[in-house]
Amino acid sequence: MTGTTPAPQGGPLDVPALLAQLTLEEKVDLLDGSDFWRTQPVERLGIGKVMLSDGPHGLRAQHEGGDHLGGLAAAPAVAFPPAAATASSWDVDLLRRLGRALAEEARALGVSVVLGPGVNMKRSPLCGRNFEYFSEDPYLAGHLASALVDGVQEHGVGTSLKHFAANNQETDRMSVSAEVDERTLREIYLPAFETVVTRSQPWTVMCSYNRINGVFASQDPWLLTRVLRDEWGFEGLVVSDWGAVYDRDAAVAAGLDLEMPSSGGVGAAAVRRALDAGTLTEAEVDRAVTRVLELVSRSQAALAPGQTYDEDAHHALAREVAADSVVLLKNADGVLPLDPRAPGAVAVVGEFARTPRLGGGGSSQVTPTRVDDALTALRAALGDREVRFAPGFALADDAPAEEVARLRDGAVEAARGAAVAVVFLGLPDAWESEGYDRDHMHLPPQQVAALEAVAAVAERVVVVLTNGSVVEVEPWQSHADAVLEAWLLGQAGGGAVADVLVGAVNPSGRLAETVPVAIEDNPALGNFPGEAGVVRYGEGLLIGYRWYDAHALEVAYPFGHGLSYTTFAHADLEVQVVEDGAQPRVRVSLTVTNTGERAGKEVVQVYVADEEASVFRPEQELKGFAKVALEPGASARVEVELDARAFAFWHPVLRRWVVEPGTFTVLEGASSRDLRQRATVTLAGEEVTLPVDADSTAEQWLAHPALGERLRAALEGTGTAHMLFAPETGQMMRAIPMRRLARFPGSPVDEEWLEKAAAEA
Ligand code: BGC
């Protein structure tokens, strides 16, 4: 090939010109990675390779070699708290700042795309990767992830929104088929992706390993092209999850642009065969190549060598994010915060206090730049107050009984006579990981036994939880005066926990997932994780609080719950229709006042309930939120705007979003079960006419604005009409499809009449 113009280093590429100069062979190669983390270069044209690295809560950049399960070493990077924690902050500004820090580290490490965030829904608390996901609610997950993506991408680094889609478990994740009806996909499992794509245009979307209704996500044209691009307007590149490709040629045709990691030529061979056979066109290959080149092009600006970041500042940010992610579940008699000047010793019990877990297992493990533990931080924060420590339990499940007893006795010794025991309990590292799910929600029995033993001698007990996904609290929480849900908090989590325990930070986290009383209450029970390669989403829309609300179930702690060291009053709710019709907009505003004595942050949560609908709708759904910081005594007017989607449902017949006319209730409060104010709003919405054909029921015909009249007229005075409208038989008769009714003796209309009328409607 002659006349080639090497792409300028550091600048954007001339993608159309390069495409024209690439040989077919080179194009096909570009659709595959060059190694574990990098795209293919084409040196003769000056097309460099770019590096993608996990994320999303800290970089796992492996410059040499690589693995996607977190086994091999990576360059040190700041380990920020994972999504289970950051979601509890309900703070979009914080997520955006976190994104910026990630971008700075990515630039310093030569990484062009951070592989995250993951916005899969927490369908079951048992999913091994829940620590990496935000919420059981698509609105919350979508808006937080969107802020993170903005923060990263505003600084010249890309993201990879993952795992698209319906990847809500780890069991059998490479092949399981998630059997989900379309309405449930549209209202629950896709909206977080949709929100991030439409608001933030992530540079890449990562397709998941699993199948959806039988079709691999990696080769599903409906998912990767129709929904993602045609409906949502996605402009970036679709990358496979690591090893998610099954038929490479079908994947290219469906819209999967880049296969990662390198398939060692297997993918390219399949594409070549399909090109030769004419089942794949060069235009389809060009489309994918263009997206790879565009990714390489947009990465150039941030690839300058010698970039650095302020590690101290990032560590401080990691601490701030962690502290704002902690959720104070319970605080009887104000046992917290701990006062450094109060009399009596503080007993710290639990291995997690000195051996923190930073994140969960698998691809998102970060090699931290340093690690703060809570014990050291608490000692520093409590100054002269005596702090005793005992590990209390072993982290290994199979520790010998004598060792378990010795550790427990040590904990009792430490707690005896102390004014307060702070007991760090949690899930051992190996219990939560990518690649497998938990099979129960309990804490290890030896930890519960240690707590009980400590509670028997300690005056007051505070439990600090370390876990990436919720655990059952009912079996043991009566032994605790206070419970702090401290998730997995990254490398600065120890300091953050101390900050909250002593009140240097007033807790403001709110649960982004319900803590059920027991796993038996969970909606996915019986279906999760499926069998024989299939997992049925039998609970449909009723995931998380939607289920607990619909079934009026008690929960241990509801979605949105979280206490503060101050109190807040909500008042003067106003709900105003800004725009009516098919695409309504409604403004919700209220006044929040800090009625306590400490500065604090309140999370205002806005839920919408559809009072009457033609389809089943959840009791209430989160449709807006805002976090507001207030000094003691201060008030702020908080405004939340609700768009059409806040009122719409996915119409299962029309297969689009519809806002039905009628009255909706807007509820606002401090949790899904601590609703403070409500107001109704009546919207004009959109009157929809459902299509009717000969197979529609008599009821559907009669409800149709044009056909109803026509049918009534045709039936008038006949026996059929009598049966259809008689109080005793009417309801039964009207449920019969018209085509069948037309065959009954004496019917004045026949099939032909029905088909003609339906066609004319
Ligand atoms: C995970 C992805 C990750 C990729 C690369 C896969 O096993 O599912 O989330 O980004 O590996 O490490």
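The values are calculated or read from the model by the stated rules, or taken from the named source; none is laboratory data. Remember, predicted model here, so these are calculated numbers, not experimental data. A quick note on method: Cβ atoms are made from the backbone with ideal geometry, for glycine too, and the neighbour counts reach across all protein chains shown. Keep in mind that these areas ignore ligands, DNA and RNA; they rest on the heavy atoms of the full protein, side chains included. Shrake-Rupley method; radii C 1.70, N 1.55, O 1.52, S 1.80 Å.
Quick look at the numbers
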read-out: Length released on extending from Asp276 to Arg44, taking residue separation times 0.36 nm less the Cα-Cα span; value: 80.9 nm
read-out: Two-decimal ratio, the range 312-513, of alpha-carbon radius of gyration to 2.2 N^0.38 Å; value: 0.95
read-out: Relative contact order (percent, whole number), the range 132-224, Cα cutoff 8 Å, 6+ residue spacing; value: 38 percent
read-out: Cα convex hull volume per residue for the range 669-761 (Å³); value: 164 Å³
read-out: Separation of alpha-carbon centers, the range 559-597 and the range 434-461, rounded to whole Å; value: 37 Å
read-out: Stretchable slack from Met174 to Arg226, in nm (0.36 nm times residue separation minus alpha-carbon distance); value: 16.4 nm
read-out: Principal axis box of the range 17-113, alpha-carbon based, largest edge first, Å; value: 50, 31, 21
read-out: The range 312-409: C-alpha gyration tensor shape, a/c 1.5 cut-off, then a/b vs b/c; value: oblate
read-out: With DNA, RNA and ligands ignored, accessible area of His155 (1.4 Å probe; Å², nearest 10); value: 50 Å²
read-out: Percent carbon-and-sulfur accessible area, the range 638-761, ignoring ligands, DNA and RNA, probe 1.4 Å; value: 51 percent
read-out: Accessible surface, the chain, averaged per residue in Å² (probe 1.4 Å); value: 36 Å²
read-out: Phi-based couplings in Hz for the range 69-74 (Karplus 6.51, -1.76, 1.60; Gly and Pro marked x); value: 10, x, x, 8, 5, 9
read-out: Sites Glu751 and Asp439 - FRET efficiency at Förster radius 35 Å, r taken between beta-carbons, to 0.05; value: 0.05
read-out: Label-point gap, in nm, between Ala396 and Gln583 - each point 7 angstrom along Cα→Cβ; value: 6.3 nm
read-out: Cut-off under 5 Å, modelled amide H: who pairs with Val517 long-range; value: Ala556
read-out: Percent of beta bridges antiparallel (DSSP, the chain, rounded to nearest 5); value: 60 percent
read-out: Carbon and sulfur %, accessible surface of the range 312-513 computed with the full protein complex present, 1.4 Å; value: 50 percent
read-out: Kirkwood Rh, angstrom, the range 157-199 [1 / mean 1/r, Cα pairs]; value: 11.7 Å
read-out: Label-point separation, Glu474 to Val215 (7 Å along Cα→Cβ), nm; value: 4.2 nm
read-out: Debye intensity ratio I(q)/I(0), log10, the chain, q values 0.05, 0.10, 0.11 Å⁻¹ (C-alpha model); value: -0.30, -1.04, -1.19
read-out: Straight-distance crosslink candidates among lysines, where the alpha carbon sits under 23 Å from Lys162 and sequence neighbours closer than 8 are dropped; value: Lys49, Lys122, Lys623
read-out: Stretch gain in nm, segment Asp384-Leu654, where the contour uses 0.36 nm per residue and the Cα spacing is subtracted; value: 90.4 nm
read-out: For Val335, distant residues with modelled amide H under 5 Å away; value: none
read-out: Under 16 Å from Lys601, Cα to Cα: lysines that are on another chain or at least 8 residues apart; value: Lys627
read-out: Sequence ranges 343-350, 445-452, ranked by mean other-Cβ count within 10 angstrom, highest first; value: 343-350, 445-452
read-out: Interchain or long-range residues, amide H under 5 Å from Val119's placed H; value: Lys162, His163
read-out: Glu631-Ala269 pseudo-label distance in nm [points 7 Å out on the Cα-to-Cβ vector]; value: 7.1 nm
